[in-house]
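Peer 1: Below you will find the structure I want to go over with you.
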Amino acid sequence: MVDNMYNYNDEELLLLSGIQHFAFCERQWAFIHMEQQWMENTKTIEGKYIHQRVDNPLENETRRDIRITRSVPVISKKLGLQGVADVVEFILDNDAPELETVVLEGRYGRWRVTPIEYKRGKPKKDDRDIVQLCAQAIALEEMLKVKITKGYLYYHEIRRRSEIIFEESVRTRAEDLASRMHSYITNNCIPRAKKAKHCSQCSLYEICQPDWSTGFGNVQKYLRETLYEED
């Protein structure tokens with residue numbers, strides 16, 4: 001775990017959603033969050049459509065023992081991240097440890113706090129969605145002085161939730177990623193490209209040009225094979 005006793009100030013806060021980009025590809029994150037470059041593709045457009053209802057903070061509701069809040073602003077001075085949680089559910093649970101529950105103004109009992117993030121597609125092989133959800137949980141813990149043990153990722157393609165347990169390894173991973181994001185910002189440094197299978201899924205492929213930027217040796221090879229080939 002990152003031993004981070006430093007609390008970031010408001011001017012240093014980064015977008016929490018960026019940790020998902022960073023876990024997928026550090027270079028993609030830098031293009032979006034450091035150089036403000038972005039290109040839409042079908043996946044990003046579908047993602048925006050799925051979030052339309054979730055992003056309406058006026059659609060909070062109560063279903064018996066569950067209070068559902070949408071578009072909840074979250075901030076963590078420890079991680080140096082701020083953003084919006086898609087959905088946070090408060091579940092009445094008077095039998096839970098006091099450390100894991102909060103009191104809601106004007107409502108009876110003690111309530112568990114559960115963040116839920118909505119995603120297009122289906123569960124991924126990597127941890128990019130998991131660390132984003134975990135960062136939201138860490139922010140909520142900091143804000144509400146509560147321990148959050150789990151959350152959910154709702155995937156539009158399979159139409160169901162995947163339970164995510166916030167184990168220590170997941171928390172450490174989120175803290176490490178956040179720390180590295182701040183390091184790149186502080187040093188004003190763009191990560192080098194690392195060509196991988198996921199490059200073909202990236203909406204910034206044309207901007208990144210990973211074939212050109214993965215090393216000087218590759219550029220030399222390209223020049224030899226493309227520009228200096230004999231007739």
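Peer 1: Which entries of 78/124; 119/147; 145/195; 124/194 show an alpha-carbon separation above 30 angstrom in the structure shown? Provide the component values of the computation, followed by the final result.
Peer 2: Numbers: 78/124 27 Å; 119/147 24 Å; 145/195 41 Å; 124/194 19 Å.
Long pairs (Cα-Cα over 30 Å): 145/195.
Peer 1: Can I ask one more? Give me 14, 177 sorted ascending by neighbouring Cβ count inside 10 Å, so fewest comes first.
Peer 2: 14, 177
Peer 1: Hey, fewest Cβ within 10 Å first, where do 105, 26 land in order?
Peer 2: Going from sparsest to densest Cβ surroundings: 105, 26.
Peer 1: Taking the inverse of the average 1/r across all pairs of different Cα atoms in the range 62-198, what Kirkwood radius in Å do you get? Spell out each step's value before the answer.
Peer 2: Details: mean 1/r = 0.0616 Å⁻¹.
That comes to 16.2 Å for the range 62-198.
Peer 1: Still on this model: For the range 58-141, place one equal point scatterer on every Cα, skip the solvent, and apply the Debye formula. What is log10 of I(q)/I(0) at q = 0.21, 0.23, 0.26 Å⁻¹?
Peer 2: -1.07, -1.18, -1.29
Peer 1: So for 192, 27, fewest C-beta neighbours within 10 Å to most, what's the order?
Peer 2: Result, fewest neighbours first: 192, 27.
We did not get these values from a lab; they are worked out from the coordinates using the rules stated. Here the structure is a predicted model, which is why all the values come from computation and not from measurement. As a convention, Cβ positions derive from the backbone with ideal geometry for all residues, glycine included, and neighbour counts pool all protein chains shown.
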